[in-house]
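Working notes, structure below.
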Amino acid sequence: MAYKLLFCFSAGSVGSWVVYLVGGWDTAFLTLLLFMAVDYITGLVVAGVFHRSNKSETGSLTSKAGWKGLCRKAMVVLFVLVGAQLDRVLGCDYIRNAVIFGFLSNELLSIVENAGLMGLPLPKAITNALEALQSQSEKE
């Protein structure tokens, strides 16, 4: 019983400290976490069910690609942490939100791309926007 209490206390302490560092548990951060989860899950489905992933040579699931994806998601959270700390140092409240909104748009594009790889018919406006964004990023 004492170990369970110690574990719960430790997990709660670490969790609240991390939430403090990323600037709190608000709607923007929750939405980013949800988009990241949806993107990761749809990526797993694309690779595991449809075998159409562009993250591996065979298009199938690989643990290396999955691990890289999780590391990228962790890096996004670290960028939010950096933005939150910059807000605190500078006495403002927009850097963290700008970071979150930037990554939200990136996650949304990835979700739409995964839906396309699954064969979901996408409206032409969405595919045109994706192609324009991809070509723009390749130029830069």
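Kindly provide the set of residues from segment 111-132 that are touching a Ser or Thr at 6+ places or on another chain (Cβ under 8 Å) and surrounded by 15 or more Cβ atoms within 10 Å (Cβ to Cβ), ordered by number. Scanning segment 111-132 gives Ile111, Asn114, Ala115, Gly116, Leu117. Report yes if Leu70 is assigned to a helix (DSSP H, G or I) and within 30 Å of Trp17 (Cβ to Cβ), otherwise no. Spelling it out, Leu70 is indeed assigned to a helix (DSSP H, G or I) and within 30 Å of Trp17 (Cβ to Cβ).
Of all residues in segment 70-85, those being more than 14 Å from the chain's Cα centre (by Cα) and without any contact (Cβ under 8 Å) to a residue 40 or more places away in the chain number 1. Among the candidates Ala47, Ala11, Ala28, the residue that is in a helix (DSSP H, G or I), farther than 16 Å from Val112 by Cβ and in contact (Cβ under 8 Å) with a residue 40 or more places away in the chain is uniquely Ala28. Scanning segment 117-131 for residues that are in a helix (DSSP H, G or I) and at pLDDT 90 or above gives a single hit, Leu117. Count of segment 23-53 residues, restricted to those that are in contact with an Asp or Glu (Cβ under 8 Å, 6 or more places away or on another chain), over 22 Å from Lys64 (Cα atoms) and aliphatic (A, V, I, L, M), is 1.
The values are calculated or read from the model by the stated rules, or taken from the named source; none is laboratory data. Small disclaimer: the values here were computed from a predicted structure and weren't measured. For neighbour counting, all protein chains shown are included, and Cβ atoms are generated from backbone atoms with ideal geometry for every residue, glycine included.
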